[in-house]
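Student: Dropping the structure in here first, questions after.
The values are calculated or read from the model by the stated rules, or taken from the named source; none is laboratory data. Note that this is a predicted model, so its numbers are computed, not measured. Ideal geometry is used to build each Cβ from the backbone, glycine not excepted, and the neighbour counts take in all protein chains shown.
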Amino acid sequence: MKPANLTGRERAAYVQNMFGRIAHRYDLMNRLMTFGQDIFWRKEVLRRAALPEDGVLLDLGSGTGDLALEALHQRPSITAVAGDFTLEMMLVGQQRLNGQAGPAWCGTDALNLPFPAERFDAVISGFLMRNVSDVAQGLSEQWRVLKPGGRVVILDTTRPSQNLLTPFINLHMHTIIPALGRLLTGEVEAYTYLPDSTEGFLTAEQLADRMQKAGFARVGFHRLNFGTIAIHWGEKA
């Protein structure tokens, strides 16, 4: 069975182990795979989050904390929590700070968040949702910890529709990305999982529907990168 087809605890354990192995090169690979566009995508996520000056932010599935760190750079007065279940990723993020102030780091299971209800003004994530074993439960937990009026913003890959660019998209996803992964991390399997998990994930419309069913209002999304990336947003009414 392909790793992307695993479910439940087996999927969680595989994903946790995989990200632990590639943590030291994760940020570099993101820059190269997206041609640096992920930097701008993250800025758009934070714009959509619309945090107040004294807001409390959860960067869920934070990895090395790129989103939380950018949020603190833009608005130093906020409180940011970076939550991930891969210790190695968070350690890389902490080491990158060189002792400077950063987010609060927290070991976090996206399906069972260790936070009280109505704690955050915004919950944001970058490339998390396609990796969780239960999307509905993950969205339910994000809704629970949001304050009324709080916003959720999700940046992730999305299953692209067939078009004239499909052969070039497939070449990039199934040939170039695994080759880069082998060269820079020595981990071919991890960067084979990425395109497989993308193609096995929900379409942008399906994820928006799941968000509405979880209770979010004013749900919307915007496709990027030839339809392979989407930013979704919604509010807790």
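Student: Is there a residue being of a type in the set (Phe, Trp, Tyr) and part of a loop (DSSP other than H, G, I, E, B) anywhere in segment 206-217?
Tutor: no
Student: A follow-up question, please. Can you confirm whether segment 42-64 contains a residue that is more than 27 Å from ARG223 (Cβ to Cβ), assigned to a helix (DSSP H, G or I) and under 16 Å from the mean Cα position of the chain (by Cα)?
Tutor: no
Student: Mind listing whichever residues of segment 162-209 are surrounded by fewer than 15 Cβ atoms within 10 Å (Cβ to Cβ), in contact with a helix residue (DSSP H, G or I) (Cβ under 6 Å, 6 or more places away or on another chain) and of a type in the set (Gly, Ala, Ser)?
Tutor: GLY200
Student: Among the residues in segment 89-107, are any small (Gly, Ala, Ser), out of contact with any Lys or Arg (no Cβ under 9 Å at 6 or more places or on another chain) and either touching a residue at least 40 places away in the same chain (Cβ under 8 Å) or closer than 24 Å to LEU202 by Cα (or both)?
Tutor: no
Student: While we're here: Only one of (1) modelled with pLDDT under 85; (2) more than 17 Å from the chain's Cα centre (by Cα) is not met by GLN16, so which one is it?
Tutor: Condition not satisfied by GLN16: (2).
Student: While we're on this one: Could you go through segment 4-16 and let me know if any residue there is surrounded by 21 or more Cβ atoms within 10 Å (Cβ to Cβ), of a type outside the set (Lys, Arg) and under 25 Å from PHE201 (Cβ atoms).
Tutor: Among the residues of segment 4-16, at least one is surrounded by 21 or more Cβ atoms within 10 Å (Cβ to Cβ), of a type outside the set (Lys, Arg) and under 25 Å from PHE201 (Cβ atoms), which makes the answer yes.
Student: Farther than 29 Å from LEU184 by Cα, surrounded by 14 or more Cβ atoms within 10 Å (Cβ to Cβ) and of a type in the set (D, E, K, R), is that true of ARG48?
Tutor: Spelling it out, ARG48 is indeed farther than 29 Å from LEU184 by Cα, surrounded by 14 or more Cβ atoms within 10 Å (Cβ to Cβ) and of a type in the set (D, E, K, R).
Student: Something else: Is there any pair linking a residue in segment 109-123 that is more than 8 Å from LYS147 (Cα to Cα) and at pLDDT 95 or above to one that is part of a loop (DSSP other than H, G, I, E, B) and of a type in the set (Asp, Glu), with Cβ under 6 Å and at least six apart or on different chains, and which?
Tutor: LEU111/ASP134
Student: LYS147 is checked against (1) touching a helix residue (DSSP H, G or I) at 6+ places or on another chain (Cβ under 6 Å); (2) assigned to a strand (DSSP E or B) and fails just one. What number does that condition carry?
Tutor: Every listed condition holds for LYS147 apart from (1).
Student: Please verify whether segment 156-177 includes one or more residues that are modelled with pLDDT of 80 or more, part of a strand (DSSP E or B) and under 25 Å from PRO76 (Cα atoms).
Tutor: no
Student: For segment 69-142, which strands (runs of 3 or more DSSP E) that fit wholly inside it have 3 or more residues that are crowded, with 22+ Cβ neighbours inside 10 Å?
Tutor: 79-84, 120-126
Student: Okay, moving on. I'd like to know if segment 211-225 contains one or more residues that are at pLDDT below 95 and out of contact with any strand residue (DSSP E or B) (no Cβ under 8 Å at 6 or more places or on another chain).
Tutor: The answer is yes; a qualifying residue exists.
Student: Only one of (1) part of a helix (DSSP H, G or I); (2) within 18 Å of the chain's Cα centre (by Cα) is not met by VAL153, so which one is it?
Tutor: (1)
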